[in-house]
Amino acid sequence: MKLYPLFADLSQRAVLVVGGGAVAERKVAALLGAGAQVTVNAPALTVQLQRWVAQGRIAYRPGAFCEDALERAWLVVAATSDHVLNREVATLADHRQIFVNVVDDAALCSFHVPAVIDRAPLTIAISSGGEAPMLARLLRERLETLLDHSLGALATLTAGLRLRIRARLPQMAARRRFYESLFGGPVAMLLRQGRPDEAHAAAEHALASAAGAATGSVVLVGAGPGDPGLLTLRALRALNEADVILHDRLVSAEVLELARRDAERIEVGKQAGHHRITQDGIHALLLEHARAGRRVVRLKGGDPFVFGRGGEELEFLRAHGIPYEVVPGITAALACAAYAGVPLTHRDHAQSVRFITAHCQASHDTLDWAALAQERQTLAVYMGVAELGLLQQKLIAHGRAPTTPFALVENGSRPQQRVVCGTLAQLTQRAATHAVQSPALLIVGEVAALATSLAWFGAPPLGASVHPLPRARPERKPRAAARAADELLGAIHRA
């Protein structure tokens, strides 16, 4: 059965609900939200329905259903547990040419109540024709995550400008381009940022200069470590709104698959010694596409503000007057450690964590090796695969014990993830034996030993010969506290 979708204006129109239980209560709540004049016909009512009757929000017709209750009704909802009664209500409503919905009985319905996504005044309804309501609800839940709550405010704003937009731009093509610029440009961005006054001002300015070229924008998005399930909801929305995506080499194909199908994808990835495009070239592409009126997503692996040069790109955009926003991502240190079963901090073994990058000789010269070599802290080293020998040498030379555990996490969070473990003295040998390749994150510190016992994702760790951490000693209670606890337990036992 193929249904004809429509939205009904029930404001101040009579609707009859037959039944007074919990299901009827839910139906009445939705109808009241639409402004309907609701009458409930049932022998008894739930407490909430009674409250609405007392408040004058709904009318009550006590007792059994009879046909004259259908007088003046525009819609009828049968929400009783009596299938014979529900069929009678449906039959009589059909004879009077009144649309009827029978809860949980699609065959008796002349209209269906869809799963609804409410971004008032924007409403999205999903129906399976009554055949698979749980599927419709699942789709609603998924779409809820994609649709920002600012869409309602955006719909209200554009509704107030609609007549002026039509007068200013009589050609349909020009109007379409203008609406696209509103929905995907600075106005929508300001509403998402909770700045409605600035959004209205930007909309007015856009309308006043509507004959000019549209202004594009850039969203700096953190793609996370590779597992598409770790992408944030806002990042997913940005990918679905993008006209152009400039993405790094490390952004996984699975993440790119979530983007809008017709978006232009441009790989701008850089790898040590193999720069496909320079940073200045990336800046030029951002400027070119934004000035052409496009919605640009700059998609970076991990988080754009953790060794991702995101700050440089924002400075460039700001200097050239391009609107931008930032969507954080899960940085590699957090994700790789979690997927390898390594807590970066631990009450007994690591009270701090340091994020460092070591992808070239120059970065080594600026690091405080004496501070990095201290015990009871965790080092998370980005882009260090090519410099493992120097890292090992510097840390040991500045006092880090050769027996300090390490964990190398290659392709963290992805199906091909590998974890190589050992001690600092074994670092270069173990990495060479197992041919560790970039992308890989190095974790150095006492907590890295936990990878051998807490691993949960992918293959077991390789080369796991690290001694387990000593079990933490239980804290001793002060004597007075211990005596008080014993006395309390004794009193409870006696009682």
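Laboratory data are not the source of any read-out in this text; all were calculated from the coordinates shown. Being a predicted model, the structure only gives us computed values, none of them experimental. Here the Cβ positions follow ideal geometry from the backbone for every residue, glycine too, while neighbour counts run over all protein chains shown.
Between exposed GluC sites (Glu not before Pro) in the chain, where DSSP calls loop and at most 15 other Cβ atoms lie within 10 Å, what's the longest gap? The reported range is 132-256.
Taking every DSSP helix (H) stretch of at least 4 residues in the chain, weighting each as -39,500 (n - 2.57) and dividing the sum by the residue count yields a mean residue ellipticity at 222 nm of -11000 deg cm²/dmol. About the centre of its Cα atoms, the chain shows a dipole size close to 440 debye [charges on the beta carbon of Lys, Arg (+1) and Asp, Glu (-1) only; nearest 20 debye].
Of the residues SER413, PHE355, LEU390, the one whose Cα sits farthest towards the positive end of the charge dipole of segment 333-454 is SER413 (charges of +1 on Lys and Arg Cβ, -1 on Asp and Glu Cβ, taken about the Cα centre). As a ratio to 2.2 N^0.38 Å, the alpha-carbon radius of gyration computed for segment 136-261 takes the value 1.19.
Going from the fewest other Cβ atoms within 10 Å to the most, the residues ILE245, ILE58 appear in the order ILE58, ILE245. Net charge of the neighbourhood of ALA153, taken over other residues with C-beta under 14 Å away and scored Lys/Arg +1, Asp/Glu -1, is -1.
Within the straight-line cut-off of under 14 Å between alpha carbons, the aspartates and glutamates reachable from LYS27 are ASP104, sequence neighbours fewer than 8 places apart in one chain being disregarded.
Could you pull out the trypsin sites (Lys or Arg not before Pro) across segment 204-270 that fall in loop regions by DSSP (anything but H, G, I, E, B) with no more than 10 other Cβ atoms inside 10 Å? Hits after loop and neighbour filter: ARG261. Span-like helix check, the chain: qualifying full DSSP H segments, with Cα axial length of 15 Å or more and mean Kyte-Doolittle of 0.5 or more, are 22-33, 151-168.
Shape analysis of segment 43-135 places it in the oblate category; the axes a ≥ b ≥ c from the Cα gyration tensor give an a/c of at least 1.5, with a/b not above b/c. Placing unit charges on the Cβ atoms of the charged side chains and taking the dipole of the chain about its Cα centre, the candidate lying farthest along the positive direction among LEU236, LEU32, PRO304 is PRO304. Enclosing the Cα atoms of segment 388-469 in their convex hull gives a volume equal to 79 cubic angstrom per residue.
Computed 3J(HN,Hα) for segment 115-121, one whole-Hz value per residue from the Karplus formula 6.51 cos²θ - 1.76 cosθ + 1.60 where θ = phi - 60°, is 6, 10, 10, 9, 10, 3, x, glycine and proline marked x. Please say if the chain is rounded, prolate or oblate, where rounded means a/c under 1.5 for a ≥ b ≥ c the square roots of the C-alpha gyration tensor eigenvalues, and otherwise the choice is prolate for a/b larger than b/c and oblate otherwise? In terms of gyration-tensor shape, oblate. Placing +1 on the Cβ of every Lys and Arg and -1 on the Cβ of every Asp and Glu, with no other charges, gives segment 14-113 a dipole of roughly 380 debye about its Cα centre. Placing unit charges on the Cβ atoms only, positive for Lys and Arg and negative for Asp and Glu, gives segment 216-330 a dipole magnitude near 100 debye about its Cα centre. Secondary structure note: in the chain, about 35% of the DSSP beta bridges are antiparallel.
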